[in-house]
């Protein structure tokens, strides 16, 4: 199976001379469809740089990025922009929904920008909302929704149509823990249906929803947790009944 | 955890049998705290002796014996619910001691040590989150128990993160004995 996202020895350097900063240093990362990976690290560890490079919003100084098997380095700007619209969804801390559009119009917008007709885009948008259990919010405007509801709409927009790589930067940062949990349940549900998810965070509770956790420190991937053992051993030994 | 008060709480809803009390206790705590039936009956006997519950048949025994809460039991339960539990931290937190000791042990990379503990805690959190994620959303008892554990573990991870950042500003290979002296002096000045 082709990995949905692959970073090979990716480095990123900002500035030059004495102000030169290594934001990322030879990072390898592979994410398959159906998998949710958390990248965890403190402020300044390179998490957001990793996400913008993975999403082709920024180019690495060295190394290779492949999305769905295609190397970004060989593409023109237009090809990259097209790949972003077609395959990659972004979720940020501050929702980024357009206030003048309803939930379903927000979700359908990337498809319309990609040339799909309004009616067809709306149908696909409704399908995305329905799949995530959000169909009843389709006609509501962002200011009629709570923070948690808005973020769930943003997730539907990130996975609408054929988008199969979801990149999230502190997606629960502005929410209380119960609303944050609802967002993470939805992210997990999207990944279970085949989307490859990467979430960057400094928050251990959020990272604990992921199948794998990569720890970043000073731009390097210093450690990781592969799939942890099952939860059985958490429960105390059962007494005889 | 007080089994005694948990049983009083269950009886405050109405009379119940011993076996029923055990089943309800386990289901409402997300089955995370198993309780053996002997423990239930011993506790009920003590509650009866103290006048906090009464049974249909004070002389009888066995699974068909029903219990109900007395007014004194109701008062005891209300007092317990409103009394804050002890919040003092343990006198010596083992993880804090380990990190403090590691700073001065030659050849130990304290950041690497912190990461070992961080990884262990996050892995444990992943397993608890998995329990919550797979459980029915309306299983409030389980969610509350798992949340309590997750918040406790998260607090420890945050302490490690803070320690990691604070120790980054220390010169790499310097033993801690040297800065300890002026630090103590500063404390004395404040007093």
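Read the figures in this text as sums done on the coordinates, not as results from a lab. It should be emphasised that the depicted structure is a prediction, and the values quoted were computed from it without experimental measurement. Note that we place each Cβ from the backbone using ideal geometry, even for glycine, and neighbour counts take in every protein chain shown.
Points worth noting:
- Counted over the protein assembly as shown, the DSSP beta bridges are approximately 55% antiparallel.
- Sorted ascending by nearby beta carbons within 10 Å, beginning with the fewest, A:83, B:8, B:88, A:98 become B:88, A:98, A:83, B:8.
- Normalised contact order of chain A, rounded percent, pairs of Cα under 8 Å and 6 or more residues apart: 29 percent
- Average beta carbon contacts from partner chains per residue of B:115-121, 10 Å cutoff: 3
- Taking packing as the residue-averaged number of other Cβ atoms within 10 angstrom, the listed peptides A:2-8, A:167-173 run from highest to lowest as A:167-173, A:2-8.
- The protein assembly as shown: radius of gyration and largest Cα-Cα distance (Dmax), Å: 27.2, 89
- Look at B:65, A:47, B:132 and count the other Cβ atoms within 10 Å of each Cβ; fewest to most, that gives B:65, B:132, A:47.
- Stokes-Einstein D in µm²/s, Kirkwood radius over Cα pairs - the stretch B:29-159 at 10 °C with 1.306 mPa s viscosity: 82 µm²/s
- Summed over all non-identical Cα pairs, the Kirkwood treatment of chain A gives a radius of 18.7 Å.
- Of all beta bridges that DSSP places with both ends in chain A, some 50 percent have antiparallel geometry.
- Each of B:151, B:25 has some number of other Cβ atoms within 10 Å of its Cβ, and from fewest to most they run B:151, B:25.
- Per-residue mean of foreign Cβ neighbours for A:201-210 is 6 (Cβ atoms of other chains, 10 Å radius).
- With N the number of residues in the stretch A:129-232, Rg(Cα) / (2.2 N^0.38 Å) evaluates to 1.14.
- Projected over all directions and averaged, the alpha-carbon convex hull of the stretch B:3-82 occupies 4.9 nm².
- Helices in the protein assembly as shown, meaning DSSP H runs of at least 4 residues, each add -39500 (n - 2.57). Divided by all residues, the mean residue ellipticity at 222 nm is -15000 deg cm²/dmol.
- Percent RCO, i.e. relative contact order, over the stretch B:3-82, from Cα pairs under 8 Å lying at least 6 residues apart: 39 percent
- Average other protein chain Cβ within 10 Å of Cβ, residues A:32-42: 1
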